[in-house]
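Laboratory data are not the source of any read-out in this text; all were calculated from the coordinates shown. Remember, predicted model here, so these are calculated numbers, not experimental data. Every residue, glycine among them, receives a Cβ derived from its backbone with ideal geometry; neighbour counts consider all protein chains shown.
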Amino acid sequence: MAERSFAEGVKKLRLGDGDVFRGEGILAVTKALLESGVAYVAGYQGAPISHLMDVLSDAQDILAEQGVHFENSANEATAAATLAASVNYPLRGAVTFKSTVGTNVASDALANLASGGVTGGALIIVGEDNGERSSIMQERSHAFAMKSQIWLLDPRPDLPSIVKAVKLGFELSEASRTPVMLQLRIRACHVHGRFVASANQRSKFTLRQAMENPQRDSSRIVLPPASFQHEQEKLQQRWPAAVDFIVKHQINEFIAEHAGDLGIIVQGGSFNSVLRVLERLGQADVFGRSQLPIYVMNVAYPVVSAEVLRFCSGKRAVLLVEEGQPNFIEQNIASILRSAGASAALHGKDMLAPAGEYTAAELLRGLRVFLTRYGQLPPAPHPVIEIQPAAAPVQARPPGFCTGCPERPIFTAMKLLEREIGVHHVSADIGCHLFSILPPFNLGNTTMGYGLGAAGASALNATADKRVIGVMGDGGFWHNGLTSGIANAVFNRSDNLTVIVDNSYTAATGGQDILSSTADNTSRSTGHAIERAVRGVGVDWVRTVDNTYDLVAMKAALKDALTTKVKGPKVVVAQSECMLNRQRREKPLQRQRVAAGERVVRERFGVDADTCTGDHSCIRLSGCPSLTIMPNPDPLRSDPVTTVLDSCVGCGLCGEVAHAAVLCPSFYRAQIVSNPGRIDRWRQRLRGAVIGWLQRRGAAQRARWAF
Amino acid sequence: MDSAQPIKIAILALGGEGGGVLADWIVDLGEHNGFIAQATSVPGVAQRTGATLYYVELFPQAAADAAGAAPVLALMPLPGDVDIVLASELMEASRAIQRSLVTAQRTTLITSTHRVYSIAEKSALGDGRADAAALLAQTRAAALRFVGHDMAQAADAAGSVISAVLLGSLAGSGALPFTRAQFEATIARGGVGLAPSLKAFGAAFERAQRGEAPAPPPTAPAPVGGALHPQVQALLARAAQGDSDQVTAMIVEGLRRLVDYQDTAYAGLYLDRIDALRSAGASAEVLRETARHLALWMSYEDTIRVADLKTRGTRFERVQGEVKVQPGQLLAINEYMHPRLQEVAETLPAGLGRWLLASGWPRRLVERLVARGHVVQTSSLRGFAQLWLVASLRRWRRSSLRYQLEQQRIEDWLAEVRRVAAADPALALEIVRCQRLVKGYGDTYERGLHHFGLLREAWQVRIAPARLAALRDAALADDSGQALRAALQAGA
């Protein structure tokens, strides 16, 4: 079960003609897919389209009603390859993943798909995770669109525009026999808004029809001579067909085209921010009525030369707002203007930042430079927004492991082990476990991509006195790590250790199920143990630690793997359920049991402030959000003491750390018994009588000397 | 062109703190009361305990109808252009100011004033906290209007979450054109945890309407009162030596600690040591800091002290409150103890302890017994008895090995302070403050003691006070001692 449930939200997918849909961007995309008569959907989760996968998962009954087949793909390459069903058959298909990391993985299939072309509409919905808080390298999906000739839609970030882009995307794909990529920036994925819905459509052609009446056309397959023909066909037939369609349906917008001799060209995705900035500069109003001509490129690729020339004719200068680098569109437009001998000056990354996110503040700065240069704004200084120096340093809040996370003790064990056998090179992976590279653990030397933790250690496979540790999550393992990491290590006779973090979900993307999940999933096959898969590809040295919180066992397994005389790849499967998911499941159950009068024991940890000396070793070996500090109640001391918040879930790590690292006796574990039984109460009375008497005696003695 | 503007609201929250719930409430509130609402966020990995920004715009439907067009709403705030900023924590409010979301011209800033410490603040070896008073002062000054109090505490008191308190404060501030009933209807539509949410909302609403409560008077120092034991009276009389009030207050605090720790005679030893230092010509500041650090060192944390503190009735009550035991529930308390050979030997009479440490098989036997940590259930008869017996060793503490070792260390340290007290008060002060390194238990204690030894070597050679202070900071910079080694080398 995923972290976020859309069980309520998906009801909106049944809305009919004229109903008003209110909700989040990704839910609107799903509705648009149904309205477009999609026959199959597939994808791999990752911000910001994880929720799109969750919506589809939660909407499986609605999808089934519509005859839509839905796959949780093994990875993005699988998702992209799924679109093969649209090559020979008039089936509309959509796949979704995180870009550009997912697009990287998918690109082999995408290139093959784009070369042969499609019959049914093929839509690739990519979620862009750029700028603020992004967890990936900053690159553009645009490059993939250009290299494989896949059309790229970048619609204005409001629900009506996004829904329209989905529908037109399928039509464009069919009209030009080319797959279409729909790019959604992170804020657009999560935007709450509204649009007027239409009725859902069933695919006229079904998957069953395709399976029972197979069609083939060898000219669609990438093999000579067809592959050379594809290249010609792309330029001579598909490109013109696409341009015709884009122009005919006015997908790109001209606003106040003849309002002056200056103009702004903007990708649809940046339109709202640009408009807000123009409004601030007194050049437009909130309804999008502008005093400056604007050309909105809802299609980022291909650039329609005729439209660009039309917009630039009679203009002194245009400013292109193109987020991300390299500046593909700027180069493209420059070439169009130059070839046509157009006189308009082209500005772009000379006035706006050459790299980085185009925040509202950056756009305000850049547009002001442009409009001042050409006299649209007076050169007089405008009120400048000043960044205020912070009174005290405002500190970064890097993401970290959640309260009670079972991955934390794995890294605590590594940290403690460092004290015994020294520092090791750690090849990290993608997933929650990558938080190990941040404080307080500071473990991990490189990360090469999802599932590539073990692969990243491949070269470090020489004769040496220390082994290298590769880390991999269960998500990455099933995504590709089993072959790219484990099988590779077997074949190349690696002597290194791979730690596979098995928390039963792809936790970082929102807790989706995978093959090794232990939960019962009515529509997917789970329960396939990682250890069996690892042994299956030939690893003999495998240890499964089925309780990562057992620091002694965890440390022993790691130490054994790093020091054993046995040659060959070592694998430690560190297995405990993701605490976020576990709590989501168990907390309501516990509440029910308490309400029903059953005996329930809740555990949590605490710290005695009067024995805590404020050294915070415990925090440096854990970093749990519920483990924090508070002012020292002792008038003689000034360093803050450690304290445990009530959000503590009693995972037990604090106690294990106190023992293993011989820290301090300040931690206690409280067991709170709801609805205690008769024996509990009887025992409590006895204890209360004896202990209470001794305590009162002690207190009376102290009172004699008190002052 | 139309001059209509949406209402712009930014919410700064920490992952898992309900910023999303708050944004959803505001959207629902707007949509049910004649506004077009747009909201968005950048969650991603920030959901895992990082800082998150939610941004909401509300636009009156009537204005859109009049214009015959749909407004184009923004997905990110433009600096200087935000009407309302809600922050779930003080440093997040400060972050909003730093990002220029809060301006004195237009912004209502609604923030909780409590602190959720960042990992850097939490993991410092000593005190790594940002200056909360400075943060608060800046936050108050930056906005057109400031509504703030400790909303975490308020949420706790209502058994609810901070988002409900923020919503109540927003409603009470009057910054949005909606009535209290309209706000409450929104909460009711949400359904989950209704009663506590409404309670938290209501309290915050009223508080925001009332304006700020006057700050509570500062708590007076613990009074010296009641019928005093004659020996205590004698100690207090000795403490009043005509030092400044601050010095005397610190000495009294030290006495209180040591009487509680051992007995009045031990407190007398404390006064003897202070007197000796005073005679050596120590400044008031050195005296005050010594009073503090000496009391801390003399009340070193041995097994006896830990057992004593853990078994007290007041401690049982405190734990009950901390873990929120409700009537009808029972509580069991389990301690994590890991005494090592060292601690066992040092609790024994000095001769016996030394013999054990130097012995062959007895030492190995004890080592094996204490190889792993133990969990002691203090709330059970057996566990309590164990700790109570250890605590009872207090009367023989003076004969223990640890006592001998610590008193020797204390005397050595004080001798150094006395040596330079008159001639170089600044250095004396820094030497006194080095006691801060000697704290904790087990590995932590040994590391601290080792660092203290390195610093002593440094100051015995001849050292500028500022350099000693810098070395001390370096000793507190990391666990491994790397920073201290580097600092020592840099000066060598």
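Pull up all non-local amide H partners of A:Gly43: gap of 5 or more, or a different chain, and H-to-H distance under 5 Å with H placed in the peptide plane.
The list, which skips near neighbours in sequence, is A:Glu71, A:Ser73, A:Thr96.
For B:Lys324 and B:Glu212, what is the calculated FRET efficiency with R₀ set at 25 Å and r taken between the beta-carbons, to the nearest 0.05? Present the calculation step by step, with values, prior to reporting the outcome.
On the way: r = 29 Å, r/R0 = 1.15.
So, using R0 = 25 Å, E works out to roughly 0.30.
Take B:Ser480, project a point 7 Å from its Cα along the Cβ direction, then tell me which residues of region A:397-420 have their backbone nitrogen under 18 Å from it.
It comes to A:411-420, nothing else.
Pick out, from B:Ala423, B:Thr111, A:Phe6, the residue whose Cα sits farthest towards the positive end of the charge dipole of the protein assembly as shown, with +1 on the Cβ of Lys and Arg and -1 on the Cβ of Asp and Glu.
Of the listed residues, the answer is B:Ala423.
Amide H to amide H, which residues 5 or more places from A:Arg604 or on other chains are under 5 Å from it, using H placed in the peptide plane?
For A:Arg604, the qualifying residues are A:Ala670, A:Ile672.
Test of understanding: ordering A:Ile136, A:Ile469 by Cβ neighbours within 10 Å, fewest first, what list do you get? Each step should come with its number before you reach the end.
Working: A:Ile136 21, A:Ile469 27.
Neighbour counts put them in this order, fewest first: A:Ile136, A:Ile469.
Determine the dipole magnitude for region B:304-401: charges of +1 sit on the beta-carbon of Lys and Arg, -1 on that of Asp and Glu, nothing else is charged, the reference point is the Cα centre, and the result goes in debye to the nearest 20.
I would put it at about 240 debye.
In what sequence do B:Val306, B:Val252 fall when counting other Cβ within 10 Å, fewest first? Show your work: numbers first, answer last.
Numbers: B:Val306 24, B:Val252 19.
Ranked by crowding around the Cβ, least crowded first: B:Val252, B:Val306.
With charges set only on the Cβ (+1 for Lys and Arg, -1 for Asp and Glu), what does the dipole of region A:408-581 come to about its Cα centre, in debye to the nearest 20?
On the way: 15 positive and 15 negative charges, 100 e Å.
In total the dipole reaches around 480 debye.
Please give the direction-averaged projected area of the C-alpha convex hull for region A:253-373, in square nanometres with one decimal. Could you put the intermediate results ahead of the total?
Details: hull surface 25.9 nm².
About 6.5 nm², averaged over all directions.
Treat each spin label as a single point 7 Å out from the Cα along the C-beta direction, and report the A:Arg419 to A:Phe254 distance in nm.
Result for the modelled spin labels: 7.3 nm.
With a Cα-only, solvent-free Debye model of chain A, what are the log10 I(q)/I(0) values at q = 0.06, 0.12 Å⁻¹?
Log10 of I(q)/I(0), two decimals: -0.45, -1.34.
Mind computing the radius of gyration and Dmax over the alpha-carbon atoms of region B:240-388? Å is fine for both.
20.1, 60
Can you tell me the orientation of helix B:381-392 relative to chain B, as the angle in degrees between its alpha-carbon axis and the longest Cα principal axis, to the nearest 10?
50
With only alpha-carbon atoms in the gyration tensor, what are the semi-axes of the equivalent ellipsoid for the protein assembly as shown, in Å, largest first? Could the numbers behind the result be given before it?
Numbers: eigenvalues 737, 255, 174 Å².
In descending order, the three semi-axes are 61, 36, 29 Å.
So what is the relative contact order for chain A, in percent, with contacts set as C-alpha pairs under 8 Å and at least six apart?
Working: 1380 pairs, mean separation 68.6, N = 707.
Taking the mean separation of contacting Cα pairs over the length of chain A, I get 10 percent.
Given a cut-off of 24 Å, name the pairs among B:Lys8/B:Lys199; A:Lys164/A:Lys204; A:Lys559/B:Lys122; A:Lys415/A:Lys587; A:Lys31/A:Lys147 whose C-alpha atoms lie farther apart than that in the structure shown. Before the final figure, lay out the partial values.
Working: B:Lys8/B:Lys199 27 Å; A:Lys164/A:Lys204 20 Å; A:Lys559/B:Lys122 29 Å; A:Lys415/A:Lys587 31 Å; A:Lys31/A:Lys147 30 Å.
Those over the limit are B:Lys8/B:Lys199; A:Lys559/B:Lys122; A:Lys415/A:Lys587; A:Lys31/A:Lys147.
For region A:599-675, what size does the Cα cloud have along each of its three principal axes, sorted from largest down, in whole Å?
Extents along the principal axes, in whole Å: 43, 26, 20.
Mind giving me the nanometre distance, one decimal, between the label points for A:Val566 and A:Asn461, set 7 Å out from Cα along Cα→Cβ?
The answer from the label model is 1.9 nm.
What is the antiparallel percent of DSSP beta bridges lying wholly in region A:408-581, to the nearest 5? Show your work: numbers first, answer last.
On the way: 1 of 21 bridges.
Of all bridge pairs located within region A:408-581, approximately 5 percent are antiparallel.
In the protein assembly as shown, what percentage of the DSSP-assigned beta bridges are antiparallel, given to the nearest 5? Please report the intermediate quantities before stating the final value.
Details: 51 of 120 bridges.
Close to 45 percent.
Calculate, axis by axis, the spread of Cα positions in chain B along the three principal axes, and write the results as whole Å, longest axis first.
Computed over chain B, the largest-to-smallest principal extents equal 94, 56, 50 Å.
Take the alpha carbon gyration tensor of region B:290-363, find the square roots of its eigenvalues, order them as a ≥ b ≥ c, and report rounded if a/c is under 1.5; if not, report prolate when a/b exceeds b/c, else oblate. Mind dumping the intermediate values first?
On the way: a/c = 4.16, a/b = 1.74, b/c = 2.39.
Cα axes put region B:290-363 in the oblate bin.
Could you pull the Cα extents of region B:1-158 along its three principal axes, largest to smallest, in whole Å?
62, 30, 30
Tally Lys/Arg at +1 and Asp/Glu at -1 over every other residue whose Cβ is under 13 Å from the Cβ of A:Gly481; what's the total? Please list the in-between numbers first.
Working: positive: none; negative: A:Asp429, A:Asp474, A:Asp502.
In short, -3.
Could you list A:Val296, B:Val390, A:Val95 so that the one with the fewest beta carbons within 10 Å of its beta carbon is first and the one with the most is last? Let's see the in-between values first.
Numbers: A:Val296 25, B:Val390 22, A:Val95 29.
Taking fewest neighbouring Cβ atoms as first place, the list is B:Val390, A:Val296, A:Val95.
Would you calculate a helix-derived [θ] at 222 nm for the protein assembly as shown, using -39,500 (n - 2.57) for each DSSP H run of n ≥ 4 and dividing by the full residue count, to the nearest 500?
Numbers: 48 runs with 524 residues, N = 1199.
Mean residue ellipticity at 222 nm (helix-derived): -13000 deg cm²/dmol.
As I understand it, the dipole of region A:421-544 uses +1 on the Cβ of Lys and Arg and -1 on the Cβ of Asp and Glu, about the Cα centre. Which of A:Leu460, A:Gly449, A:Ser523 lies farthest toward its positive end?
A:Leu460
Using DSSP to call loops (not H, G, I, E or B), can you name the GluC sites (Glu not before Pro) in region A:1-41 whose Cβ has at most 11 other Cβ atoms within 10 angstrom?
Details: sites: A:Glu3, A:Glu8, A:Glu24, A:Glu35; in loops: A:Glu3, A:Glu8.
In loop regions of region A:1-41 (DSSP not H, G, I, E or B), the sparsely surrounded GluC sites (Glu not before Pro) are A:Glu8.
In terms of the ratio Rg/(2.2 N^0.38 Å) built on C-alpha atoms, what value belongs to region A:337-378?
Working: Rg = 12.4 Å, N = 42, 2.2 N^0.38 = 9.1 Å.
Scaled against compact globular proteins, the figure is 1.36.
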